[in-house]
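Each reported figure results from applying straightforward, stated rules to the coordinates on display, with no laboratory input. Every value quoted in this text rests on a predicted model; they were computed, and no experiment measured them. Glycine also receives a Cβ, built like all others from the backbone with ideal geometry; neighbour counts cover every protein chain displayed.
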Ligand code: FPP
C-alpha cells in the first residue's frame, strides 16, 4: 500500500461530538508506551515472556475500556526498531505472540467496531506477520468506532526520515516542505495528534515513540507495570487528563 496520506481515519463518534460542540475532555488520541512486562514477570520469578503474555491480556482490557470511554484513536507501542537488539529468544517469543494474537484480536475488534492500523515498517517483519497485518487492516477497514494503531517495528526518527524522503520523491520544492506536507507522509497520516501519552512502569522517557505527533501531548507516567494496567488504570489516566489545562504554547 502506498503511504497513507489519502486515508481518512475520521470516526463517527468524533464527528458526532464535534457537531455537538463544547468542551471535549475525553482525549481524541491516546498513545501508550507499554513498559514493565519483564519486571512484572521477574517479580514472580517467571521468564520475561510470561510478562509479555500477560501484557497482551492488558492490551485486550485497555482496548475495551478505551472504546467504551469514547477514545477515537489508541496507539500502543508493542515493538520498536530498537527492540531487535534484545536477545534473539525474546524477539522470537514476541513475534510468536504477535502472530498468535493478531488473529485472536478479530472478534474483539468486530464486537466493538474497532479498525486496526499498523504503525511502523513492514520491512524486516516475518512474512506471516506482514500477511496478518494486511488481513486485519482489510477486514476491519469498515469499522468506525475507534482506530487501534499497533506500533510494531516502529521508530519515530525512521518515520520522519521516510516522510522527508517521500517529499523529495514527490518532487516537493523547499517552500512546499510544510508541516502538513510532512505529517501527510508519516505512518500516522490522517490521524489527529496525540492528546495523552501514557507510559507505564515509571520510566521517564519517550523512547522514539510518536515524537512528531506528541509535540503537545499531555504526559501521564504511572508506576503500574503494563500487565497490571487495565480498565480502571486507564480511567484514572483519563481523569488526570480531564483536569489538565492545555495551552498549546499560548498563555
Ligand atoms: C516493554 O516491557 C514491553 C515490550 C517491549 C513489549 C510490549 C508488548 C506487548 C505487551 C505484547 C504486545 C502484543 C500484542 C499482540 C499487542 P519490557 O520488556 O521492556 O519490561 P521491563 O522494562 O520490565 O524489562
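Worth pointing out:
- By other beta-carbon atoms within 10 Å, ranking 200, 139 with the fewest at the front produces 139, 200.
- Reported to the nearest whole Å, the Cα centre-to-centre distance from the stretch 90-142 to the stretch 184-251 is 23.
- 222 nm mean residue ellipticity, helices alone, for the chain (DSSP H n ≥ 4; -39,500 (n - 2.57); rounded to 500): -13000 deg cm²/dmol
- The residues 188, 140, when put in order of fewest to most other Cβ atoms within 10 Å, stand as 140, 188.
- With contacts taken as Cα pairs under 8 Å and at least 6 residues apart, the chain reaches a relative contact order of 30 percent.
- The ranking of 212, 226, 46 by Cβ neighbour count inside 10 Å, starting from the fewest, reads 46, 212, 226.
- Judged by the mean number of other Cβ atoms found within 10 Å, the most tightly packed of the peptides 163-173, 116-126 leads the ranking 116-126, 163-173.
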